[in-house]
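The values are calculated or read from the model by the stated rules, or taken from the named source; none is laboratory data. Quick caveat, the model's predicted, so the values are computed rather than measured. Backbone-built Cβ (ideal geometry, glycine too); neighbour counts: all protein chains shown. Quick note on the areas: whole protein, heavy atoms, side chains included, nothing else; ligands and nucleic acids left out. Shrake-Rupley method; radii C 1.70, N 1.55, O 1.52, S 1.80 Å.
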Amino acid sequence: MRIAVVHGFGAPGGEDEAVLDQVAALTRAGHEVRLVAANGRGRDPLATLRAFGPDVVHVHNLYPAFGRAWVTEWTGPVVATLRHGPHRGSRFAALQFPWAPRGGLRQDPLLRRADRLVVLSEASRDACARAGLPRERLDVVPDFVPTVAEPEVGAGEAGGADRANGADGSGDAWVCVGPLAPERGVLELLRRWPAGERLDVIGAGPLEGRCRAAASASVRMCGAVGRGELRRALPGYRGIVLPGRGTRRAVPLVYAEALAAGLPVLAFEGAGASAVPRAVRSEGTGTVTTLDAHLPGALDVAAKIFPTLREHCRAVYAKRYGEAVWTERTECLYASLVA
């Protein structure tokens, strides 16, 4: 099958990495894939698409690289992925449609034109349906992360996450991964983190200075690290701590990365409806607490339970967030349109 993937790089929340992973997965599955991409302002992709002649066009992020009017001129099947990460000023920020126009949902050429709309969770599907999108055009296909390769002996990059943890979770440190931004809840976590518990914080962002000031002596601020270094480091931690708050309706990619590494999750509930606590409960991949709860007690419980969950986490990853299951779902979706 000939597949064109249209994407404007610079999207928030790990979307660029997810798109590249998907292009690689479809290529490995034997399809001819053309990535039509731009950084910043791009051109109308119609000329490139017509020259390539794809069986299906899959659109990811269009803002700000591409406009949306071109989709009304394309006559072949179109799939669009609806992701989180609203842009400032969007009327539909609460629903987290990243490129919803001021004219509203029904005026968006892409949302009207797309034959199928991919969402990342059932919660996202429900939200889109409530907003007026036809449920029969909404397909739930969660993002995946590639299989974690076995680390080579002596492999490693000099960097912040290079700590002497065991390869199977025998180390005594916890890890928190993600942007140091208000919606991630890292600052609130650090203000409550027990002084005797070791924690590595991997990530950077606008709250980095305040996070460093709030960190106790047992917390190590590692900064941003490369994906390869992160993947090598994750299996050695006791568990991953994800304090994200707000109304994110799909789990972040780091959740799938943790499961691929066999790393159980300590999630936090708050005022918002974050997807991570729901996923942890429904998939049995860790424990859930709140920032107002007694954190030392929650860590003690997690430390006892997590060693028994490592193989289960890998199994959940393979069943729900692995490359094979994503490829099968996506091929079925494309085939239904091409047929």
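Taking θ = phi - 60°, what integer Hz values does the Karplus form 6.51 cos²θ - 1.76 cosθ + 1.60 yield along segment 17-31, in sequence order, with x for Gly and Pro?
5, 5, 5, 4, 4, 5, 4, 5, 5, 5, 5, 5, 7, x, 8
Taking all protein chains together and a probe of 1.4 Å, list I240, I305 from the most accessible to the least accessible.
I305, I240
Be a star and scan segment 202-230 for residues whose amide nitrogen sits under 15 Å from the point 7 Å along the Cα-to-Cβ vector of R191.
Those under the cut-off are 207-216.
Could you tell me the calculated FRET efficiency between L291 and K319, based on Cβ-Cβ distance and R0 = 51 angstrom, to the nearest 0.05?
Plugging the Cβ-Cβ distance into 1/(1 + (r/R0)^6) gives 0.95.
Pulled fully out, how much extra length does the chain show between A69 and N39, if you take 0.36 nm times their separation in residues and subtract their Cα-Cα distance?
This chain segment gains 8.9 nm when fully extended.
How much FRET efficiency would the formula 1/(1 + (r/R0)^6) give for R281 and T147, where r is the Cβ-Cβ distance and R0 is 22 Å, rounded to 0.05?
E between R281 and T147, to the nearest 0.05, is 0.30.
Say R0 is 51 Å: what FRET efficiency, to the nearest 0.05, do H312 and R2 get from their beta-carbon distance?
Numbers: r = 39 Å, r/R0 = 0.77.
That pair, H312 with R2, gives E of 0.85.
Name the residues whose placed amide hydrogens come within less than 5 Å of the amide hydrogen of D200, ignoring near sequence neighbours (fewer than 5 apart) on the same chain.
W174, V175, C176, R220
Suppose the Debye formula is applied to equal point scatterers at every Cα of segment 182-236; what is log10 I(q)/I(0) at q = 0.19, 0.21, 0.30 Å⁻¹?
Results for segment 182-236 at q = 0.19, 0.21, 0.30 Å⁻¹ read -0.68, -0.81, -1.23.
Classify segment 1-63 as rounded, prolate or oblate, taking a ≥ b ≥ c as the square roots of the eigenvalues of its Cα gyration tensor: rounded when a/c is under 1.5, otherwise prolate if a/b is larger than b/c and oblate if not. List each step's numbers first, then the result.
Working: a/c = 2.66, a/b = 1.14, b/c = 2.33.
The shape class here is oblate.
Quick query: amide H of R34 versus all other amide H atoms, modeled in the peptide plane; which residues come in under 5 Å with a sequence gap of 5 or more or a different chain?
Correct list: I3, A4, V5.
Between E17 and L337, what length comes free when the chain is fully extended (0.36 nm per residue of separation minus the Cα-Cα distance, one decimal in nm)?
On the way: separation 320, 0.36 × 320 = 115.20 nm, distance 2.58 nm.
Stretched fully, the E17-L337 segment lengthens by 112.6 nm.
What residues qualify as long-range amide H neighbours of G286, i.e. H under 5 Å apart, gap of 5 or more or another chain, H built at 1.01 Å from N?
Result for G286 returns V265.
Which whole-Hz couplings ³J(HN,Hα) result when phi for each residue of segment 256-266 is put into the Karplus expression 6.51 cos²θ - 1.76 cosθ + 1.60, θ = phi - 60°, listed in order with x for Gly and Pro?
Calculated HN-Hα couplings, in order: 5, 4, 5, 5, 4, 8, x, 9, x, 10, 9 Hz.
Of the listed peptides 323-334, 15-26, what is their order by residue-averaged count of other C-beta atoms within 10 Å, with the highest listed first?
Result, highest mean first: 15-26, 323-334.
What Rg and what Dmax come out for segment 225-332 when only alpha-carbon atoms are used, in angstroms?
Taking only Cα atoms of segment 225-332, I get Rg and Dmax of 14.0, 46 Å.
On a 1.4 Å probe surface of the protein chains, which of R68, R83 comes out largest in accessible area, and what is the full order?
R68, R83
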